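Asks: Pasting in a structure now, in structure tokens, and then I'll have a few things to ask.
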Amino acid sequence: MRPAAAHPPARPGGLEWAPYEPTTLPGSGLRGMSESVAERTEKETARVEAFSDGVFAIAVTLLVLEFKVPHDAGRSLRELLLAQWPSYFAFVTSFATIGIMWINHHRMFNYLRRTDHGLLILNAVLLLGVTFVPYPTAVVATYLGHEGQKTAAAFLAVTYIGIAIAFNLLWRYASSSRRPRLLRVPPDDPGVLAIRSAYRFGPLYYVATLILAAWDGRASVALNLAIAIYWALPPRRSAAE
């Protein structure tokens with residue numbers, strides 16, 4: 001007569017112990033990683049993106065604080081509203097720029113599977129620049145069309161140069177072949193390479209607006225707006241894709 005097979009000890013309440021078997025997520029690339037770890041990794045990236053979205057939202061909201069209701073008994077309301085054109089111009093330029101930054105930031109995070117300490121630091125540096133944008137915007141709105149407009153436009157251009165550099169550093173760090181674990185796709189994926197190629201000359205575009213500010217402040221701000229519209233276009237992918 002064969003001996004009965006041994007059973008694991010029963011838990012209180014009649015429940016039996018079951019051996020732990022890690023779950024592999026099909027198609028996730030996280031082979032050998034338990035579902036709980038994979039979910040925690042996804043939540044970590046989503047948390048960073050949600051915090052960044054909040055910072056972008058606050059930055060664009062602060063832009064509207066520059067608008068003041070005009071009061072002048074000697075002029076009509078129409079004239080007073082038209083006289084605030086520098087504020088409208090500066091607002092639209094910075095709103096478009098921050099909006100496009102948010103779109104590209106979202107596009108960037110679609111490729112990220114996880115984060116690390118270095119990426120968090122670089123993302124924080126980028127958000128530092130974004131939260132600073134309302135101040136040079138207010139300076140431009142105050143001085144555009146008056147003495148000092150060239151300096152104001154240069155101030156805005158320098159701010160955008162810093163943000164463009166931060167964007168480049170963040171994406172180059174995240175998409176580096178030395179840190180492939182951060183990406184959902186290989187570092188040589190056409191989409192990854194397209195974003196890197198699009199960002200490569202970003203700082204130089206804003207350097208052009210800085211140079212133009214030495215001659216015409218209004219033209220410099222207008223060029224910033226044109227660059228924002230350009231960045232709204234999706235990055236071109238390689239023909240091999």
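Asks: Give the stretch 48-78 a look and list any residue that's more than 28 Å from Tyr135 (Cβ to Cβ) and of a type in the set (D, E, K, R), or say none.
Replies: Arg75, Arg78
Asks: Also: Would you be able to say whether some residue in the stretch 75-88 is within 19 Å of the chain's Cα centre (by Cα) and either modelled with pLDDT of 90 or more or of a type in the set (A, V, I, L, M) (or both)?
Replies: Scanning the stretch 75-88 turns up no residue that is within 19 Å of the chain's Cα centre (by Cα) and either modelled with pLDDT of 90 or more or of a type in the set (A, V, I, L, M) (or both).
Asks: Take the residues in the stretch 162-218 that are of a type in the set (Lys, Arg), within 17 Å of the chain's Cα centre (by Cα) and more than 18 Å from Ile121 (Cβ to Cβ); name whichever of them is surrounded by the most Cβ atoms within 10 Å (Cβ to Cβ).
Replies: The residue in question is Arg196.
Asks: Spot the failing condition for Ser52; the list is (1) farther than 20 Å from Ile163 by Cα; (2) assigned to a helix (DSSP H, G or I), and only one is missed.
Replies: Unmet for Ser52, out of (1) farther than 20 Å from Ile163 by Cα; (2) assigned to a helix (DSSP H, G or I): (1).
The values are calculated or read from the model by the stated rules, or taken from the named source; none is laboratory data. Please read all numbers here as calculations on a predicted model, not as lab measurements. Glycine also receives a Cβ, built like all others from the backbone with ideal geometry; neighbour counts cover every protein chain displayed.
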